[in-house]
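Written out below as structure tokens is the structure these notes cover.
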Amino acid sequence: MALNSIHWFRKGLRLHDNPALREAVQGAATVRCVYFLDPWFAGSSNVGVNRWRFLLQCLEDLDANLRKLNSRLFVIRGQPANVFPRLFKEWKISRLTFEYDSEPFGKERDAAIKKLAMEAGVEVIVKISHTLYDLDKIIELNGGQPPLTYKRFQTLISRLDPPEMPVEMLTDTLMGRCVTPVSEDHGDKYGVPSLEELGFDTEGLPSAVWPGGETEALTRIERHLERKAWVANFERPRMNANSLLASPTGLSPYLRFGCLSCRLFYFKLTDLYRKVKKNSSPPLSLYGQLLWREFFYTAATNNPRFDKMEGNPICVRIPWDKNPEALAKWAEAKTGFPWIDAIMTQLRQEGWIHHLARHAVACFLTRGDLWISWEEGMKVFEELLLDADWSVNAGSWMWLSCSSFFQQFFHCYCPVGFGRRTDPNGDFIRRYLPVLRGFPAKFIYDPWNAPESVQAAAKCIIGVHYPKPMVHHAEASRLNIERMKQIYQQLSRYRGLGTRSENINLYFIFMMRKLSGPHGSHSCDSFQNLHEKNSFKAKPGFYSAGVFFSSKQEVLCDGITCSSLMSVTCSSSVQFYLYNSPLKLLYIVKTPQ
Amino acid sequence: MKRGLQGNKQEDGGGTSGGCQKTLKRSRKQRREKDLEDEESRWECLPQEILLHIFQYLPLLDRAFASQVCRGWNEAFHMPELWRCFEFELNQPASSYLKATHPDLIKQIIKRHSDHLQYVSFKVDSSRESAEAACDILSQLVNCSLKTLGLISTARPSFMEMPKSHFISALTVVFVNSKSLSSLKIDDTPVDDPSLKVLVANNSDTLKLLKMSSCPHVSPAGILCVADQCHGLRELALNYHLLSDELLIALSSEKHVHLEHLRIDVVSENPGQQFHTIKKSSWDAMMRHSPKFNLVMYFFLYEDEFGPFFRDEIPVTHLYFGRSVSKDVLGRVGLNCPRLVELVVCANGLRPLDEELIRIAQRCTQLSAIGLGECEVSCSAFVEFVKMCGDRLTQLSIMEEVLVPDHRYGLDDIHWEVSKHLGRVWFPDMMPTW
């Protein structure tokens, strides 16, 4: 009997490094690549026109590339669970392949489809290719809990084997005898719809700054690497006025939709580094952009409440203000702070903003100025940001609002000073807020401070043509720093009112760190030895001190680094109290040789 | 109670896990034997002190459930000791995501426990209604003698939005009735000079802590009156515009106890604001009187508003710069803040802070905690700074992206170098690249 396959595209909209797609054609007589789109859902969804356009362009490109292999993309109108049983029958399918989706919602959906397929006697093949690693392995290595600090995550990663090599691009040779039956009316039935068909008004829609599709992604990665090679500098590029603008070497939306394989990116970076730096092995920081993404996917994969404050075990409950008017001003670029409004305008128009610009607007909305819940900001990004993946979007918002992942909260971005330092001339603002074009650089970040004559000369009166600032930043940040302190004081059961309080900010950061360390039992062997023998000879490397929470073993401390010759002994165990429960801390101290 | 417990056991015993059942059976048997042995050990006979001790560990809701069990436990639920401390949470569904203290519970407390309350705080969301509700409760607390009162706005300063007269009359109810108030936290409220006079008239012997940052209706004379009369005051938090030479002198008078903690918020209302100066002699008087006091200063100023600050030596111990601060000002900090323990700089201008940090390391020999936000520092200078401070730096926080690599150290070296000098593992702070 002939083997007929379906490859189901969701993310991973590419022909290169697509292991599940390869499985689909392997030994198959026919293959059909499908993508599900619910046109009735599209217009009413929370996803903005830029993201839809990007997706449709990806699908167009996919279809075009499949045509080169005498195949086509089948865009199916409807919901997978409703349509698959019919397709299995109609096309006599015996194999279904798709890329592994690590997100809780996706896992649930896929489990249901797998069940349907099993019932229909269809073999299901799932391959990991949206992330570098098998996230479950990372969690396993961390004792069953996802790591909660990026440092911890890096430590775990460095213990894993490098990611698997990307698989070969789908070609005629690989297709072999596998064909795609295409009917006359394919275009009508399965063609990629237009934005209009999905119910979007495209009149006056400017052309896309970020064109979607695998072809574009592969051009960009070459350009990206060329530029890196040319500057021969693998450090994070320093921020300047230019980095705020959409760059033709930017890759994040392509990684989000899977037009670009993260593994391909990973190995191309490695190769280039080796070539330029003469075979020295690349540091983890080279892959920063990829690893952050991986970190958030890992944190979210088993947490269906990852995008919520309530019921989310890793999220700190903060008494955010509900304030729909203020939220609307932020989302619609009417805060009266040109730096914030220009960024939000860029986001709405183009679908992408620089990561430091994201920090700026997220900080402003949440802990910095407006004290509005990060969940609201996340929803706006979900609508507008091309690269907003559920896990990465929610994770970054929790991070930036200091709701999780425990980092310093003392520092708030100033909505005036931050921009001014980045782009002293204010060109970025003039580009996205033409109404302020006439202001001199001196006042362009705080035009409300400009004398009336300057405002008149700029043909922009603040309060008439452009809003006055919606908050008094100094006062708001003073208040909010206090609020944050209150919250973390409570978390650490810090003695409250009426007792003396000596420490200010850093104290609480310290407490946070103490409470936040990576959970779960450590897999470090030496740690066991240490516990049993109270003394051991350490190999060079990184060791963690352990804290025992009554019976449950938890690791709270960051760790201790040993240089090659140092011996490490456990000197004593110390009792101290945290969260009102007795803890035993094993100190690891360096001893003289 | 025994009945209740047995009922539970039966329920548990009906579970499916065999192992669990076995142990339960055994324990039931053991317990039955024990019960026979000493019939006296019944739950309801548990001495009140022990019950109280147990109840103190339970959250309110669990205590409420337990109070339904029997008369004895119900009595225990209402023991005054359990109602000394209470935190009222006042939130509206329209303005907060968090739940509020149930109105029935509030009524109960006012009716049955208001004379037991001693440590009370109100957490209020951003709505005026919540602030008004807090004041309504306050004005009903006529029977109680509070030791601690905290009015906390969890989102925006909502007390500021209610009619001042309403707020003042509620607050003065507490002042007049309490007589032994020792701690008062009323930041961001419309408290005024006359109400502080009432506070002083009734609580001057007991007041130890007063936090009133951003209370715009208080004048320097109003706070001076508190300092003059309340000789036990040890902790004080206020805004810079209330700070005066007279206040410092009053706090350093012979009759006054040693001050432990003084927190000053310096916030500019409008750009280019001129700030007054405090004489060095006044700070010297403070230092002579309270040589160990903490002076905590929070600055939320534009760069060009720092004119009057750090010109002379100032005994500041904790410094927080919430906005951009110039190299010049940080240079002055290095020169004039010999007592500095903790320094947080959120941002500075475009040029690296190198020399300033080195000078701070040289001159601020007490410095043990430092946090740097958007402050560029060259890797070499940063390592040098850490080397000079050594392991007395218990807190060290800097964002990775502001460390500027140079010919000596790259970003990958810095964690090793700094860890070496600190004697413990250290990493710069990271922010997500997205």
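The values are calculated or read from the model by the stated rules, or taken from the named source; none is laboratory data. For clarity, every value in this text was computed on a predicted model and none was experimentally measured. For neighbour counting, all protein chains shown are included, and Cβ atoms are generated from backbone atoms with ideal geometry for every residue, glycine included. Surface accessibility is based on the protein's heavy atoms, side chains included, excluding ligands, DNA and RNA. Shrake-Rupley method; radii C 1.70, N 1.55, O 1.52, S 1.80 Å.
What the table below lists for this structure:
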{"item": "Average beta carbon contacts from partner chains per residue of A:315-323, 10 Å cutoff", "result": "6"}
{"item": "Separation of the A:Lys275 and B:Glu269 label points, Cα + 7 Å toward Cβ, nm", "result": "6.4 nm"}
{"item": "Cα gyration tensor shape of region A:324-474, rounded if a/c is under 1.5, else prolate or oblate by comparing a/b with b/c", "result": "prolate"}
{"item": "Shielding score for A:150-156, defined as the mean number of other chain Cβ atoms within 10 Å", "result": "2"}
{"item": "Distance between modelled label sites at B:Leu52 and A:Leu174, nm, 7 Å Cα→Cβ extension", "result": "7.6 nm"}
{"item": "Span from the region B:217-282 Cα centroid across to the region B:73-94 one, whole angstrom", "result": "36 Å"}
{"item": "A:Lys379 accessible area, assembled protein chains, probe 1.4 Å, Å²", "result": "100 Å²"}
{"item": "Listed residues B:His258, B:His113, B:His102, most fluctuating in chain B (Gaussian network, C-alpha, under 10 Å)", "result": "B:His102"}
{"item": "Cβ-Cβ FRET estimate between B:Met79 and B:Ala201, R0 fixed at 30 Å, reported to 0.05", "result": "0.35"}
{"item": "Distance violations [Cα-Cα > 25 Å] among B:Lys197/B:Lys255; A:Lys151/B:Lys387; A:Lys308/B:Lys211; B:Lys255/B:Lys279", "result": "A:Lys308/B:Lys211"}
{"item": "Label point at A:Glu119 placed 7 Å out along Cα→Cβ; residues across region A:63-101 whose backbone nitrogen lies under 19 Å", "result": "A:78-97"}
{"item": "FRET efficiency for B:Leu60 and A:Asp427, using Cβ-Cβ distance with R0 set to 56 Å, rounded to 0.05", "result": "0.45"}
{"item": "Which of B:Cys45, A:Cys315 is most accessible, then next, and so on - probe 1.4 Å", "result": "B:Cys45, A:Cys315"}
{"item": "FRET E, pair B:Val142, B:Lys420, Förster distance 56 Å, beta-carbon r, rounded to 0.05", "result": "0.35"}
{"item": "10 Å Cβ neighbours from other chains, averaged over peptide A:478-484", "result": "6"}
